[in-house]
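Take a look at the structure below.
The values are calculated or read from the model by the stated rules, or taken from the named source; none is laboratory data. Computed from a predicted model, the values in this text were never measured in an experiment. Counting neighbours? That spans all protein chains shown, and the Cβs are built from the backbone with ideal geometry, glycine included.
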Amino acid sequence: MLTVTLALSLLGIVGAQVPSLGFCPNVETIPTFEVEKYTGKWYEQFRYFAIFELGGKCVTANYSLNDDGTVKVVNAQVNSLTGSPSSIEGSARIVDANDPGKLEVRFSLSPVKGSYWILDTDYESYSAVWSCQGFLIANTKFAWILTRDRNPSEAVIDKAKDAFRKYGINVDLFQKTNQVDC
């Protein structure tokens with residue numbers, strides 16, 4: 001069992017730029033979350049490296065409500081080498097009604113559930129999203145800055161980065177997502 005857990009830990013670490021030993025840091029999400037206001041299209045502006053986004057540009061996330069109360073998630077990107085578009089569909093749900101900023105997401109091609117924690121959003125211009133998957137001896141972190149505009153102001157980006165800085169999350173590890181010629 002230890003071998004299986006260690007193997008899974010290493011697989012998770014390979015997929016993210018920010019692997020660490022130990023537990024995931026303690027962060028708080030927004031105290032209230034209004035799913036209806038969050039729906040619609042978001043443009044990815046910054047991210048921690050993730051193997052599943054390798055070579056992706058023009059990355060977007062589109063959220064809509066499902067009849068069962070979950071959130072339909074459609075992430076799309078364009079391959080920067082071939083120009084070919086691709087997308088993946090999944091669903092998200094609030095994990096705990098007392099902590100509505102913590103969502104769990106599952107995509108159609110993966111049996112693994114991921115965390116989608118909203119550290120801060122104003123619903124109209126930015127969202128600061130955090131994910132940390134803990135394993136036996138390690139964790140792997142993902143982070144995204146999403147905006148409603150393809151080309152947001154620096155003030156909007158700074159506000160989103162402040163949500164990460166509040167918890168000591170390193171914003172220097174962010175990579176800018178190419179949103180040009182989309």
Study note, to complete from the structure: Subset of segment 24-46, residues surrounded by 14 or more Cβ atoms within 10 Å (Cβ to Cβ), touching a Gly at 6+ places or on another chain (Cβ under 9 Å) and either of a type in the set (S, T, N, Q) or assigned to a strand (DSSP E or B) (or both), comes to Thr29, Glu44
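For segment 123-156, name all the residues that are charged (D, E, K, R), modelled with pLDDT of 95 or more and surrounded by 13 or more Cβ atoms within 10 Å (Cβ to Cβ). Even if it seems obvious, please write down each step before you answer.
Start the filter on segment 123-156 by keeping residues that are charged (D, E, K, R), which leaves 124, 141, 148-150, 154.
With modelled with pLDDT of 95 or more added as a condition, the list becomes 124, 148-150, 154.
Those that are charged (D, E, K, R), modelled with pLDDT of 95 or more and surrounded by 13 or more Cβ atoms within 10 Å (Cβ to Cβ): Arg148, Asp149, Arg150.
Please work out if Ala76 is within 26 Å of Pro152 (Cα to Cα) and touching a Phe, Trp or Tyr at 6+ places or on another chain (Cβ under 9 Å).
Working: within 26 Å of Pro152 (Cα to Cα): yes; touching a Phe, Trp or Tyr at 6+ places or on another chain (Cβ under 9 Å): no.
The answer is no for Ala76.
I'd like to know if segment 91-104 contains one or more residues that are among the acidic types (Asp, Glu), surrounded by fewer than 19 Cβ atoms within 10 Å (Cβ to Cβ) and without any contact (Cβ under 8 Å) to a residue 12 or more places away in the chain.
Here is the first cut: in segment 91-104, the ones among the acidic types (Asp, Glu) are 96, 99, 104.
Imposing the further condition that a residue be surrounded by fewer than 19 Cβ atoms within 10 Å (Cβ to Cβ) reduces the set to 96, 99, 104.
Now drop any that are not without any contact (Cβ under 8 Å) to a residue 12 or more places away in the chain, which leaves 96.
Yes, segment 91-104 has at least one match.
Listed residues Gln179, Gln133; which is within 24 Å of Gly56 (Cα to Cα), assigned to a strand (DSSP E or B) and among the polar types (S, T, N, Q)? Talk me through it step by step, then tell me what you get.
Details: Gln179 fails: assigned to a strand (DSSP E or B).
Result of the check over Gln179, Gln133: Gln133.
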Review point. Identify, please: which residue in segment 100-132 is in contact with a Pro (Cβ under 8 Å, 6 or more places away or on another chain) and among the hydroxyl-bearing types (Ser, Thr, Tyr) and is, among those, nearest to Gln45 (Cα to Cα)?
Key: Tyr126
Check your understanding: Where residues in segment 137-159 are of a type in the set (Gly, Ala, Ser) and touching a residue at least 60 places away in the same chain (Cβ under 8 Å), which of them is nearest to Val73 (Cα to Cα)?
Key -> Ala143
Check your understanding: Looking at (1) modelled with pLDDT of 95 or more; (2) surrounded by fewer than 17 Cβ atoms within 10 Å (Cβ to Cβ); (3) more than 20 Å from Pro31 (Cβ to Cβ); (4) touching a helix residue (DSSP H, G or I) at 6+ places or on another chain (Cβ under 7 Å), can you tell me which one Val59 breaks?
Key -> (2)
